[in-house]
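Reviewing the structure listed below.
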Amino acid sequence: MNKVAVIGIGAMGSGIAYISAWNGYSVHVRDISQEFVDQGMNKIRQSVMTGVDKGKLSPLEGEKILKNIQATTETEEAAKDADLVIEAVFENIKVKKEVFSELDSICPENTILASNTSTLSITEMASVTERPEKVIGMHFFNPVPAMKLVEIVIGEKTSKETHQAAEEFCKSLGKTTVKAKDSPGFIVNRVLLPTLNEAMKLADSGVATKEDVDKAMMLGANFPMGPFALADYVGLDVALAALNTIYEAFGEYYKPSETLKKLVEEGNLGMKTGKGFYEYAK
C-alpha cells in the first residue's frame, strides 16, 4: 500500500492525512471547495510547525510531510489510483453513501474504501458499491496524531483480507486497533455518549451544575476532562448527530439532552465556535 486518498479534510481528515504523510505514504486530499481545501491544508501546516517547534519533527521531516500531500477539489484526481481511500466527511449517512457510490465508480477494483464514521453503518455504505467486501470502518479519534486508538469496524460483507490490510495500515501509523462488529456507536461511542448525555440530563434536572459534574467525574472517576468539557471539545453538533444515531437504534434511554439540542440549534457548538456549555477565547 503506497497511495492513500482522504475525502474531507476537516479536523479528522487533516489529521489522518498528516499522520499518513508522516509515515511515508503518498497522500491525496480532497474537499468540496477551494476554501475548505485551503483551511484543511492550513491545519496540516500548523501541525507540522507545532511538531517542529516541539522537537518532534526536524525541519526536513516537516518539509517531507508537506511534499507527500497533494490537495484538490476533484474526487477523481484524488482517488483514481489510490490503494486506500478514507472518507472523513460530515456524519450524515446520505452524504456518505453518495461519496461511496462515487468512489466505487472511480477507484480500481482492488482499492479499499474506508469510512472514518464514529457511529454510522458500514454495511449501509457498502450497499451502494459493487465491492462490499472491500468496505470497512476505520474510526480514528481526535486529535489524530496524538490519539493511539483506531476502531476497525467490520461490515456484513467485509472480507478477512480487507480487515487484515486495514489492521496493517493502522499499525504502520503507530496506532493500536480494536475490532467491532457493525453496530451503532461501535465500542467507544456506545459507552461514552450515554455517559455524556446522562451528565447533561443530570444538569438539566437541577441535580448538579455542569461545573460540579465535570469536577466530580475528573476527581472521583479519574476522567482526564469532564463530560461537558469533552462534549465542547468534540463539537456539540458531532455529539448530537452521534447520539441521534444511537437513539434511533436503541430507544428512549439514549434520547439526547434538551440543552444539547438547544445549543446546537443556536449554533453554539463548543470550542470551534467559541461557545458551547462553556465559553472559549477565539
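The values are calculated or read from the model by the stated rules, or taken from the named source; none is laboratory data. As the structure is a prediction and not an experimental result, all values here were calculated from the model. Counting neighbours? That spans all protein chains shown, and the Cβs are built from the backbone with ideal geometry, glycine included.
Some points to look at:
- Selection within the range 132-146 - under 27 Å from P108 (Cα atoms) and surrounded by 20 or more Cβ atoms within 10 Å (Cβ to Cβ): P132, K134, V135, I136, G137, M138, H139, F140
- Of the residues making up the range 171-188, those that are in a loop (DSSP other than H, G, I, E, B), β-branched (V, I, T) and in contact with a Phe, Trp or Tyr (Cβ under 8 Å, 6 or more places away or on another chain) number 0.
- All strands (runs of 3 or more DSSP E) inside the range 61-170 with 1 or more residues being more than 20 Å from F36 (Cα to Cα) and in contact with a Cys (Cβ under 8 Å, 6 or more places away or on another chain): 112-115, 135-140, 149-154
- From the list I9, I32, the lone residue that is without any contact (Cβ under 8 Å) to a residue 60 or more places away in the chain, of a type in the set (V, I, T) and either crowded, with 24+ Cβ neighbours inside 10 Å or not in a helix (DSSP H, G or I) (or both) is I32.
- Per the listing G226, G276, G185, the residue uniquely touching a residue at least 60 places away in the same chain (Cβ under 8 Å) and surrounded by 13 or more Cβ atoms within 10 Å (Cβ to Cβ) is G185.
- Scoring N222 on the criteria (1) at pLDDT 95 or above; (2) polar (S, T, N, Q); (3) at negative phi leaves a single failure, condition (3).
- Residue identified as within 23 Å of P143 (Cα to Cα), small (G, A, S) and not assigned by TED's automatic domain parsing to the domain that holds A11 among A203, A249, A208, A239: A239
- Hits in the range 160-182 (condition: more than 25 Å from E124 (Cβ to Cβ) and out of contact with any strand residue (DSSP E or B) (no Cβ under 9 Å at 6 or more places or on another chain)): E168, S172, G174
- Among the residues examined, G40 qualifies as surrounded by 19 or more Cβ atoms within 10 Å (Cβ to Cβ), under 21 Å from L103 (Cα atoms) and free of Cβ contacts under 8 Å to residues at least 40 places away in the same chain.
- Qualifying residue in the range 26-33 (condition: of a type in the set (D, E), within 16 Å of the chain's Cα centre (by Cα) and modelled with pLDDT of 95 or more): yes
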